[in-house]
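Participant: Before we start, here is the structure in question, set down as structure tokens.
Each reported figure results from applying straightforward, stated rules to the coordinates on display, with no laboratory input. Predicted model, so just to flag it, every value in this text is computed and none were measured. Heads up, the Cβs are rebuilt from the backbone with ideal geometry, glycines too, and the neighbour counts pull from every protein chain shown.
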Amino acid sequence: MLSQLGQVWVQMETSNRTASHALKTLKVAIDGPAGAGKSTVAQLAAKRLGYLYIDTGAMYRAATWLAVHRGIAITDGQAIADAASKANIRLEQGDESTSNRVKVFVDDQDITHGIRTNEISDLVSPVSSHSPLRKVMVAQQKELAKRGGVVLDGRDIGTVVMPDANLKIYLTASPEIRAKRRLKDLQALGESPVYEELLMSIADRDNRDSSRADSPLKQAEDAVVIITDNLTIDQVVDAIVKLCLAEAEEKR
Ligand code: C5P
């Protein structure tokens, strides 16, 4: 853990052991629209901090995959919630075969790639707008987060899942940049998406996620906003780790 955090941590460790304890138990919430780079930076920040990383978008995608593959109507929120609470949805640290994104399993079936297709991306917003499903997912996410030492990313983390988070980040970027990133991700999966269609689909998802009645995507009042258009992944991760160090220092 020491070496993962690099020099800044080593300095903290020698100068202040209480801060290092505080640092181990922070709750970090990262919210923002699709394609802002949340999953990548959240995963890397969690790794550097030695924290558990929970990709809550992957959980909603898994629920959407369940609905599609079990023939449940996308409009039937209660049936989807029941299926999701009965199924064993498991997230594991990703590797190179998944471009380092989390691996996702439903009852031991590997659906890591299946949840990232265009079909699931287009259906996940309507599915995740169902309150019965959100209730199931939020309860699981709160349970996973309760001990701290966690980074959760999603849409409602700072507002609903962890309103008590020590650090709330709102990560965003222009729709064009986000569509270009999505294009690259899908090409890496062997798909041949059309940029203009991705741009429309991202705008559509932004609208649906921000206008739904239950837990819409919105910036928490106390969130730090990071616009990633002109930032590298490393710059964003460094900024988040530094904010965590400052937070731990304040908490001691
Ligand atoms: O993060 P990702 O783009 O994979 O999320 C997929 C979708 O899951 C989002 O567009 C949103 O509809 C839903 N979601 C949500 N609440 C979260 C995380 C994701 O509604 N906390």
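Participant: Do we find that Ala203 is more than 16 Å from the ligand (Cβ to nearest atom), assigned to a helix (DSSP H, G or I) and free of Cβ contacts under 8 Å to residues at least 40 places away in the same chain in this structure?
Facilitator: Judged against the criteria, Ala203 is not a match.
Participant: Which members of the range 206-228 meet the condition of being closer than 20 Å to Pro175 by Cα and either in contact with a Phe, Trp or Tyr (Cβ under 6 Å, 6 or more places away or on another chain) or in a helix (DSSP H, G or I) (or both)?
Facilitator: Answer for the range 206-228, where residues must be closer than 20 Å to Pro175 by Cα and either in contact with a Phe, Trp or Tyr (Cβ under 6 Å, 6 or more places away or on another chain) or in a helix (DSSP H, G or I) (or both): Asp206, Asn207, Arg208, Asp209, Ser210, Ser211, Gln219, Val225.
Conditions tested, residue by residue: (1) touching a helix residue (DSSP H, G or I) at 6+ places or on another chain (Cβ under 9 Å); (2) within 23 Å of Lys142 (Cβ to Cβ); (3) within 10 Å of the ligand (Cβ to nearest atom).
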residue	(1), (2), (3)
Gly32	yes, yes, yes
Val41	yes, yes, no
Leu44	yes, no, no
Tyr60	yes, yes, yes
Val68	yes, no, no
Gly71	no, no, no
Ile80	yes, yes, no
Lys86	no, yes, no
Gln93	yes, yes, no
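Participant: Going through the range 127-160 one residue at a time, which ones are within 22 Å of Thr172 (Cβ to Cβ), among the aliphatic types (A, V, I, L, M) and either part of a helix (DSSP H, G or I) or within 12 Å of the ligand (Cβ to nearest atom) (or both)?
Facilitator: Residues satisfying the conditions are Leu152, Ile157, Val160.
Participant: Give the range 235-251 a look and list any residue that's surrounded by fewer than 13 Cβ atoms within 10 Å (Cβ to Cβ) and either closer than 16 Å to His21 by Cβ or touching an Asp or Glu at 6+ places or on another chain (Cβ under 8 Å) (or both), or say none.
Facilitator: The answer is Ala246, Glu250.
Participant: Leu231 is checked against (1) within 18 Å of the chain's Cα centre (by Cα); (2) among the aliphatic types (A, V, I, L, M); (3) crowded, with 16+ Cβ neighbours inside 10 Å; (4) outside any helix (DSSP H, G or I) and fails just one. What number does that condition carry?
Facilitator: (1)
Participant: Restricted to the range 164-184, and to residues that are in a helix (DSSP H, G or I) and within 16 Å of the chain's Cα centre (by Cα), which residue is surrounded by the most Cβ atoms within 10 Å (Cβ to Cβ)?
Facilitator: Arg178
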